[in-house]
Amino acid sequence: MDYFLTEEQKEMVEIAALIGKEKIVPVMEECDENERFPTEVYAEFAKADLCGVAIPEAYGGLGFGAFEQVLVIEELCRYDAGIGLALAATGLGTLPILLTGSEEQKRKFLPGIASGETITAFGLTESGAGSDAGAMKTTAVKDGDSYILNGSKCFITNGGDAHLYTVIAKTDPSKGSRGASAFIVEKGTAGFSFGKKEKKLGIRSSSTREIIFSDCRIPKENLIAREGMGFIVALKTLDNSRPGVAAQALGIAQGALDDAARYSKERIQFGAPISSIQAVQHLLADMATKTEAARALIYQTAKMIDGGSKNFKKEASMSKLFASDVAMEVTTNAIQVMGGYGYMKDYPTQRRFRDAKITQIYEGTNQIQRNEIANALLKEYC
Ligand SMILES: Cc1cc2nc3c(=O)[nH]c(=O)nc-3n(C[C@H](O)[C@H](O)[C@H](O)COP(=O)(O)OP(=O)(O)OC[C@H]3O[C@@H](n4cnc5c(N)ncnc54)[C@H](O)[C@@H]3O)c2cc1C
């Protein structure tokens, strides 16, 4: 389908594809096998200016928007979603500052992120507070010119490798979700440490760690927005980042479709390529149709964001829900098309299948996305 990309957008996709071919492909299996964070590939993202795609020029970025960010994430994840996630999760960790940070915070932190020197992460989830984020126990207590943080966040993407963490903590636990606030915590701050790196099914080159606060004192200037606005910051962040998760899923699905279609033309059974078998063709046709439908939904949602729409929550959830379900289905069927070879580590398809699963879980499970869609939908009928 032709999305009439501008020359600049096409160039950005080409740059991401070149990094994919030349820098990701040579290390992706090793990073997956050894659960290694791709520091050297991140440096290539930085060199190619991909870290600042959606950061305004005033703060050292390229000044593009959600659409261009989606294009880049999709293309990188077409090669390897775990490696692409290093950049996507930095996007997530940056959004609280970009969307709701003060001018001073933007000037202080965004240029480093745009240049690729600073990797970021977002800390909302806790062991007892996943879908029910309001149940979080981490606290931030005001003490003179500082806040003192205590508690821990689990499953934090880029945890340990990131230099900057945007974190939600309770400043007034008696007020429930209205008592949470958002903070910026820099790696190296006394009282801020990391738990063990999680071992995972997929996105194994992405680091996932617990982050721990023990009397961690941060300057009051690191409060994002105002006290009590933590959940508003988190919800805004997630609404804006869900098309990015959808783009990861889309890249995974497209990569799996590429694997299966190519393989079907090479594999001879019964004296002919399996691509001549209608049952195989129908699988490929469904995979391609659903992948393209996901792309159209995601691109249009990103364009709503860039167009200044105030209300894209439903579409952001729809994008994430649909694209992640498509990624799971397409990767499953890609292995089916490839038979036993698709199941083997000699091909990247099994990795895409393992990577697809997380897109149905993080940044709100798909059950939570359905709740969000239904809530928004039913309001339209009041
Ligand atoms: C690899 C990985 C990376 C992650 N990265 C980050 C990160 O960078 N930052 C961060 O803050 N978090 C991160 N997370 C956390 C992630 O967002 C949560 O795992 C997710 O929101 C689900 O929470 P949970 O795992 O506690 O599941 P639970 O909330 O315990 O859910 C378990 C099941 O119950 C269902 N369920 C729960 N409540 C409802 C409901 N109200 N309606 C319908 N169904 C419901 C869920 O859909 C799910 O099927 C990451 C997780 C993983 C696995």
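Numbers at a glance
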read-out: The chain, dipole about Cα centre (Lys/Arg Cβ +1, Asp/Glu Cβ -1), debye to the nearest 20; value: 1060 debye
read-out: Inter-probe distance in nm under a simple model that places probes 7 Å from Cα toward Cβ, at Lys265 and Ile277; value: 1.9 nm
read-out: Highest-first arrangement of 93-101, 80-88, 139-147, where packing means the average Cβ count within 10 Å; value: 80-88, 93-101, 139-147
read-out: Förster radius 41 Å - calculated FRET efficiency between Tyr341 and Asp132 (Cβ-Cβ, nearest 0.05); value: 0.45
read-out: Student exercise, region 7-119 dipole from Lys, Arg, Asp, Glu Cβ charges, in Debye to nearest 20; value: 400 debye
read-out: Spin-label proximity, Glu198 to region 12-49 - amide N less than 20 Å from point 7 Å beyond Cα toward beta carbon; value: 31-39
read-out: Set of aspartates and glutamates with alpha-carbon distance to Lys379 below 15 Å, sequence-local pairs under 8 removed; value: Glu315
read-out: Two-site label geometry, Ala190 and Glu104: point separation in nm, points 7 Å out along Cα→Cβ; value: 2.2 nm
read-out: Hits among lysines - C-alpha to C-alpha of Lys197 under 18 Å, sequence gap 8 or more where chains match; value: Lys153, Lys187
read-out: Set Lys23/Lys199; Lys47/Lys220; Lys47/Lys290; Lys170/Lys290; Lys236/Lys345; Lys21/Lys303 screened for pairs whose C-alpha atoms are more than 30 Å apart; value: Lys47/Lys220; Lys47/Lys290; Lys170/Lys290; Lys236/Lys345
read-out: GluC sites (Glu not before Pro) within region 97-203: DSSP coil, no more than 12 neighbouring Cβ in 10 Å; value: Glu117
read-out: Span per principal axis, largest first, for the Cα atoms of region 64-134 (Å); value: 35, 31, 22
read-out: Value at 222 nm in deg cm²/dmol, rounded to 500, when DSSP H runs of n ≥ 4 in the chain each add -39,500 (n - 2.57); value: -17500 deg cm²/dmol
read-out: Estimated FRET transfer efficiency (Ser214, Glu30; beta-carbon r; R0 41 Å; 0.05); value: 0.70
read-out: Proxy reagent accessibility, fewest Cβ within 10 Å first, across Phe312, Phe155, Phe213; value: Phe155, Phe312, Phe213
read-out: Among Ser193, Ser207, Ser317: highest mean-square fluctuation, GNM of the chain, C-alpha pairs under 10 Å; value: Ser193
read-out: Ratio of the Cα radius of gyration of the chain to 2.2 N^0.38 Å, where N counts its residues; value: 0.99
read-out: Descending semi-axes in whole angstrom, ellipsoid equivalent of region 1-104, from the Cα gyration tensor; value: 23, 18, 11
read-out: Region 245-299: chymotrypsin sites (Phe, Trp or Tyr not before Pro) in DSSP coil with no more than 10 other Cβ atoms inside 10 Å; value: Phe270
read-out: Globularity index of region 121-229, i.e. its alpha-carbon radius of gyration over 2.2 N^0.38 Å; value: 1.02
read-out: Cleavage-rule hits (trypsin sites (Lys or Arg not before Pro)) in region 307-382: DSSP loop, at most 12 neighbouring Cβ within 10 angstrom; value: Lys310, Lys345
read-out: Extension gain from Ala58 to Leu235, taking 0.36 nm per residue of separation minus the Cα-Cα distance; value: 61.2 nm
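Rule-based calculations on the coordinates, nothing more; no lab input. All values reported here derive from a predicted model rather than from experimental measurement. Neighbour counts are summed over all protein chains in view; Cβ atoms, including those assigned to glycine, are modelled from backbone coordinates with ideal geometry.
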